[in-house]
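Chemist: Would you mind keeping the following structure in view while I ask a few things?
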Amino acid sequence: MEKNMYYIGVDLGTSSVKLLLMDKQGTVVKTVSKEYPISFPKPGWSEQNPYDWYEQSVAGIRELTVGIKKEEVAGISFGGQMHGLVILDENDKVIRPAILWNDGRTTKECEYLNNTIGKGKLTEYTANIAFAGFTAPKILWVRENEPENFQKIRKIMLPKDYLAYRFSGVHATDVSDASGMLLFDVKNRRWSEEMLEICGISKDCMARVFESYECIGHLTEEAAEKLGLTTDTAVIAGAGDNAAAAVGTGTVGDGSCNISLGTSGTIFISSMTFGVDANNALHAFAHADGHYHLMGCMLSAASCNKWWLDDIIGTGDYAKEQEGITDEMLGSNHVFYLPYLMGERSPHNNPLARATFTGMTMDTTRTDMTQAVLEGVAFAIRDSFEVAKSLGMKITETKICGGGAKSPLWRKMIANILNIRVCVLDKEEGPSLGAAMLAAVGTGAYETVEAAAGQIVHVVDTIEPDAEIAARYEEKYRQFQQIYPALKPVFDSIAKCESSLNLRGFTQGNLLLGESKFSYYRDKVARNGEEYEVFY
C-alpha cells in the first residue's frame, strides 16, 4: 500500500510566516502562523531581522508536523514577500537588517535609474522600470549610504531564499522572485550583466537561478534536526508571493487570470509568451509555471472600502451598507471614485495621485458613495486589464480572491465592469498553498504545475456578466477614464504645495487617551519663514 506523502508550503509574509501542510490529493491538513516584529527605524523605512524569519519558520514547521511521520514529509517550498534585500558576508552571516518591499527610502535611486540610466534601457535589460520597492535601488542606497556594509557583500538574497539557504545550504532563487529585483533579464531568465554593473555587484554575489518547481537540494543534517524531519526532505525553489498565490488559484497556462481584492489589489495574467507593454504600466515577470505573467498592482483596493466604512461612515457592518445597491443601480451611478488613497502603481505609476469623489449633487446618497467606492476599485482594475488586452491577450474569465472577494456585490461588479466570467474557488490559502503545490511538483507527485492545479484547484461558483449591466458599465468606464488625466495637474500642484513644508526630522512618541494608546510623530516644520510644531 502506497503511503501518503505530505508537502509543506511556507508563506513568508511581512508580519508573519504562514505554514501549510498538504497531502498528495491537495487536502489542506493543517495550517500554522507565527508572527515576528517589523522595524521602522525612520519614517518611510521598513526592516526586519532575517534570523526572526528562520526561528519562527522552524517553530512553525515543528508545530505543523506534530503527529506526522517525519519520513512522510517529501518536500518544502516557499512563497515569499518580494523585493526585500538580504545581504550576507563571506561567512554567510547577515550584514544588516533586511530592507523590505514597502521601504520608501530609495526615491533618489529610483530617479537615477529611471531618468539617468533611462526607462528604455531598464526595460531592455530587465523588462521593467524602477520602483521604490525593488531590490536594485536598495543596493544603490547601501552603496551610497553604508559603504562599509556594501564592501562586505558576498551574497545578495531575497527573503524566502534566505530561508531556503538555511534549510538546504544552497544559495538559490527562482525566476519569479528574481523578476522583481530589477537585476534579472526576464525574457531570457538570467541575471542582467548590465544591471549588475550599474549596481556595482559581481555576478558571484547572485544566487543560482532555478525554475520555481525545481529541487535545489535537500535538508542539511542541521536543518533536519532543527525541523524534526529527515535529510530526504527535498527543498524546492518556490516563488514570489504573487506567483505562488497564482499557482494556488490555478492561474497558470495561457491567458489565465486572477484578481485579488486584498488591502492592495492585483490582476495577475499568466501567459505562455513574453510581453511588455509600451508604457511599463504592468510588471512583466517570469511565472512559477515555467512561463511568464503580467501583473497590475493597485495600492488601495479593499482598503478603500474599509477606509470609507470604518473611518468615514463609522460602521463595521459592510454587508448592510451594500444591501441597498440593486441590479438596476449598477452602471447607473452618477458618482465616481478614484481609489488612490496611497498614490497608485499600475497603470499610472504616480505616487502623487490622490483619491477623489466626483459627480456628487444635492441628491447624492450615502449608498451612491458606497457604490462608487466599490466601482472605483473595479474600474481601476479594468485599467490594468485593458493594458493586457492591448498586448493581444484574450481573457474570458478570472478567478477572484482576497477579503473583498467575499462580497457577492463586488464580484458581480467585477464581472460586469470587465465583462468576463468570475470564478470563486473552494479554498483560499494564498501563497502557502501554491508553495505546497510547487513542493509536490518538485518531488514528482505531479508532472507539471498545470497538472497540479488541475487536480487541486476547484471552482465552486461562477458569476456571468449581464449584457445590459455590462453595457451600462461600458459607458461609465469611458467616463471614469477621463477623470485621472484631467486631475493629474491638480495632484502635481498639491504635491508642490506639500513639499513647501521643510521637514526637519521626526520624533516619535505615544499618547495615552483613556485606556487607549496612540502613536504619533512630532516634527518641526518651516513655512513662509515661520516655524511650527506639528503632530501626525
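Chemist: Taking the range 364-416 as the search range and keeping residues that are among the acidic types (Asp, Glu), out of contact with any His (no Cβ under 9 Å at 6 or more places or on another chain) and more than 13 Å from Tyr473 (Cα to Cα), which one is surrounded by the fewest Cβ atoms within 10 Å (Cβ to Cβ)?
Modeler: Glu386
Chemist: Right, something else. Residue by residue through the range 300-344, note down the ones that are open to solvent by 50 Å² or more (accessible area, probe 1.4 Å), assigned to a loop (DSSP other than H, G, I, E, B) and under 23 Å from Cys110 (Cβ atoms).
Modeler: The answer is Met342, and nothing else.
Chemist: Every residue in the range 426-447 that is in contact with a Gly (Cβ under 8 Å, 6 or more places away or on another chain) and at pLDDT 95 or above, please.
Modeler: Ser432, Leu433, Gly434, Ala435, Ala436, Met437, Leu438, Ala439, Ala440, Gly442, Thr443
Chemist: Tell me whether the range 473-486 contains one or more residues that are of a type in the set (A, V, I, L, M) and either at pLDDT 50 or above or in a helix (DSSP H, G or I) (or both).
Modeler: yes
Chemist: Separate question: Are any residues in the range 16-64 closer than 24 Å to Ala445 by Cβ, aliphatic (A, V, I, L, M) and open to solvent by 50 Å² or more (accessible area, probe 1.4 Å), and if so, which ones?
Modeler: The answer is Val29, and nothing else.
Here is a yes/no grid of residues against (1) without any contact (Cβ under 8 Å) to a residue 24 or more places away in the chain; (2) of a type in the set (D, E, K, R); (3) assigned to a helix (DSSP H, G or I):
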site	(1), (2), (3)
Trp410	no, no, yes
Ile417	no, no, yes
Glu428	no, yes, no
Val441	no, no, yes
Ala451	yes, no, yes
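Chemist: May I pose another question? What is the residue count in the range 278-296 for residues that are modelled with pLDDT of 90 or more and either over 24 Å from Glu214 (Cβ atoms) or surrounded by fewer than 20 Cβ atoms within 10 Å (Cβ to Cβ) (or both)?
Modeler: 4
Chemist: If you scan the range 65-80, which residues turn out to be open to solvent by 10 Å² or more (accessible area, probe 1.4 Å) and touching a strand residue (DSSP E or B) at 6+ places or on another chain (Cβ under 7 Å)?
Modeler: Of everything in the range 65-80, those that are open to solvent by 10 Å² or more (accessible area, probe 1.4 Å) and touching a strand residue (DSSP E or B) at 6+ places or on another chain (Cβ under 7 Å) turn out to be Thr65, Ile68, Glu72, Ala74.
Chemist: Within the range 428-447, count every residue that is over 24 Å from the mean Cα position of the chain (by Cα) and either among the charged types (D, E, K, R) or on the phi < 0 side of the Ramachandran plot (or both).
Modeler: 4
Chemist: Moving on. Could you grab me the full set of residues in the range 30-50 that are over 15 Å from Leu100 (Cβ atoms) and of a type in the set (Ser, Thr, Tyr)?
Modeler: Across the range 30-50, the qualifying residues are Thr31, Ser33.
Residues checked against (1) assigned to a helix (DSSP H, G or I); (2) under 24 Å from Asp241 (Cα atoms); (3) under 22 Å from the mean Cα position of the chain (by Cα):
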site: Gly118; (1), (2), (3): yes, no, no
site: Thr123; (1), (2), (3): yes, yes, yes
site: Arg143; (1), (2), (3): yes, no, no
site: Phe150; (1), (2), (3): yes, no, no
site: Ile156; (1), (2), (3): no, yes, yes
site: Asp161; (1), (2), (3): yes, yes, yes
site: Val170; (1), (2), (3): no, yes, no
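Chemist: Give Ala435, Ala445 a once-over and let me know the one that is part of a helix (DSSP H, G or I), of a type in the set (A, V, I, L, M, F, W, C) and closer than 30 Å to Ala164 by Cα.
Modeler: Being part of a helix (DSSP H, G or I), of a type in the set (A, V, I, L, M, F, W, C) and closer than 30 Å to Ala164 by Cα holds for just one of Ala435, Ala445, which is Ala435.
Chemist: Restricting attention to the range 17-50, which residues are in contact with a Phe, Trp or Tyr (Cβ under 8 Å, 6 or more places away or on another chain) and free of Cβ contacts under 8 Å to residues at least 40 places away in the same chain?
Modeler: Asp23, Val29, Tyr36 - these are the residues of the range 17-50 that are in contact with a Phe, Trp or Tyr (Cβ under 8 Å, 6 or more places away or on another chain) and free of Cβ contacts under 8 Å to residues at least 40 places away in the same chain.
Chemist: So which residues in the range 253-292 are within 12 Å of Leu391 (Cβ to Cβ) and out of contact with any helix residue (DSSP H, G or I) (no Cβ under 7 Å at 6 or more places or on another chain), if there are any at all?
Modeler: The answer is Gly255, Ser271, Thr273, Phe274, Gly275, Ala278, Asn279, Ala284, Tyr292.
Chemist: Output the number of the condition that Arg354 fails; it satisfies all remaining conditions of (1) within 20 Å of the chain's Cα centre (by Cα); (2) under 19 Å from Ile483 (Cα atoms); (3) basic (Lys, Arg).
Modeler: (1)
Chemist: Another question, if that's okay. Among the residues of the range 88-106, is any closer than 22 Å to Val235 by Cα and buried (at least 24 other Cβ atoms within 10 Å of the Cβ)?
Modeler: no
The values are calculated or read from the model by the stated rules, or taken from the named source; none is laboratory data. Just so you know, these numbers come straight off a predicted model, no measurement behind them. When we count neighbours, we look across all protein chains shown, and the Cβ atoms used for this are built from the backbone with ideal geometry, even at glycine. For accessibility, only protein heavy atoms count, side chains too; no ligands or nucleic acids. Shrake-Rupley method; radii C 1.70, N 1.55, O 1.52, S 1.80 Å.
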